[in-house]
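I have placed the structure first, in the form of structure tokens, so that the comments after it can refer back to it.
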Amino acid sequence: MRHGRYRFLAGAMLPPLLLYAVFVVSPYAQAFYLAFTDFNGVSSDVNIVGLDNFTRLWSDPLFLSALRHNGLMLVVVPLVTIALALFFAASTRASRLLRAYRVLYFFPSSSPWPSSPCCGSSCTPPTAGCSTASSTGSGCPHWSVRGWPSRGSRSGA
């Protein structure tokens, strides 16, 4: 029964390990290499600059501000999440707050479908996006100027 067991396990683990190496380890190695170069993402001219990128990064006030904000979020978000979880767990004991808790708990499950068109239209203007960009190149300039075809008249661009 145990004959060939390790060969089977090695054969079963080889494809996931190869996928992991190709899609996870390889991008990390490439990013690590590119961090020490002056590659801008467009040209093929790549020069190794060593730690110059990192010295510029640590002297950048925008990076330091972002680092402080991330550190603050790293501390605040778990504390607020745990406090809210404890509050809602304790509120299930009280019958008065139980209905409000149920509404707050199940509301996110029921709200995405009705609210997504409203949020999407307010966050993304109709003049931006893939369809507008492709319509500009296809000879429909009135879409990119006025937004959706239903807005305004189509008689002139």
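What FRET efficiency would be calculated for the residue pair R99, L62, taking the C-beta separation as r and a Förster radius of 30 Å, to the nearest 0.05? List each step's numbers first, then the result.
Values: r = 46 Å, r/R0 = 1.55.
Efficiency at R0 = 30 Å is approximately 0.05.
Under the rule of at least 5 residues apart or a separate chain, name every residue whose amide H is placed under 5 Å from the amide H of T37.
Counting only residues 5 or more places away or on other chains, the set is V49.
Give me the extension gain from F32 to F54: residue separation times 0.36 nm, minus the current Cα-Cα distance, reported in nm with one decimal.
Details: separation 22, 0.36 × 22 = 7.92 nm, distance 1.20 nm.
Extending this stretch completely gives an extra 6.7 nm.
Bear in mind that the values in this text are calculations on the coordinates, not laboratory data. In this text, all values refer to a predicted model and were calculated from it rather than measured experimentally. All Cβ positions, glycine included, derive from the backbone under ideal geometry; neighbour counts span all protein chains shown.
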